[in-house]
Each structure stands twice: as structure tokens, then as C-alpha cells.
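Novice: Attaching a single structure in C-alpha cells format; questions to follow.
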Amino acid sequence: MKNFLADRRIDQIIILAGMTAYLQILYIVIKKTFKDHLRTEVNDYIENRMERNQSGNFVKPSLKEIVNWVKNSWHKITDICVTNALRSGYMDRKCPFKESSVARHERFRPKVE
């Protein structure tokens with residue numbers, strides 16, 4: 001594998017144990033939170049609204065319902081949550097976060113000011 005990657009000019013790096021909290025902060029804070037909210041939506045459907053057809057089999061939810069689960073789950077991810085994720089994953093101690101390219105990015109700037 002090393003030769004395969006080297007032939008394609010792809011650098012490898014070793015990610016040390018315990019670095020997930022720093023290197024995958026968006027996964028931990030945002031994606032996990034989103035998935036937890038989505039799981040709550042699905043469980044609510046299963047426990048309270050799931051129907052059976054004439055054969056007794058469960059009827060799958062409509063596409064509209066699934067889209068609503070995703071929308072509702074995503075809207076529960078607040079700007080504060082995104083800001084905290086970006087700040088906590090910021091590792092450059094030479095440059096303050098507010099002066100970083102992340103904080104000055106046109107999409108994130110309003111969220112981190």
C-alpha cells in the first residue's frame with residue numbers, strides 16, 4: 001500500500017491515538033448530534049405512528065416523512081453548536097481563532113463573531 005500511494009504522490013500520516021477529539025471535532029459535535037436527533041425522529045415514528053398493511057406487514061414511511069425527519073434533525077444543529085465545534089477543534093496557538101481563515105471565511109464569519 002505504501003508503494004501504491006507513493007506512486008500516486010499521496011502522502012501518508014499517522015494519526016496518534018487520542019487525537020479524535022481534535023481532528024474529527026465536526027464529526028463528534030455535529031454529525032453525531034444530527035444522527036442522535038434523526039434516531040429520535042425514527043424511533044418516534046416506529047413507536048407512535050408506524051402502520052401495518054392488510055397483510056400485517058409494516059408500511060414504510062413516505063419519502064416526505066423521511067425528508068421531514070432529516071430537516072427537523074438538521075435544524076436542531078444550532079449556530080452555537082457549529083461555532084463551538086470550530087473553536088474547540090482549532091489548534092493553532094500562534095494565531096487567535098477570530099483571526100483564523102476559518103473564522104474569517106464568508107460562510108462561517110457570521111456564526112463565530
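Novice: Using a cut-off of 13 Å between beta-carbons, work out the net charge of the residues near LYS60 (Lys and Arg +1, Asp and Glu -1, LYS60 not included).
Specialist: Net charge in that neighbourhood comes out at +1.
Novice: Can you tell me the length gained on complete extension of the stretch VAL82 to ASN43, counting 0.36 nm per residue apart and subtracting the Cα distance?
Specialist: Length gained between VAL82 and ASN43: 11.5 nm.
Read the figures in this text as sums done on the coordinates, not as results from a lab. Since the structure is predicted, the reported quantities are computational estimates derived from the model, not experimental observations. A quick note on method: Cβ atoms are made from the backbone with ideal geometry, for glycine too, and the neighbour counts reach across all protein chains shown.
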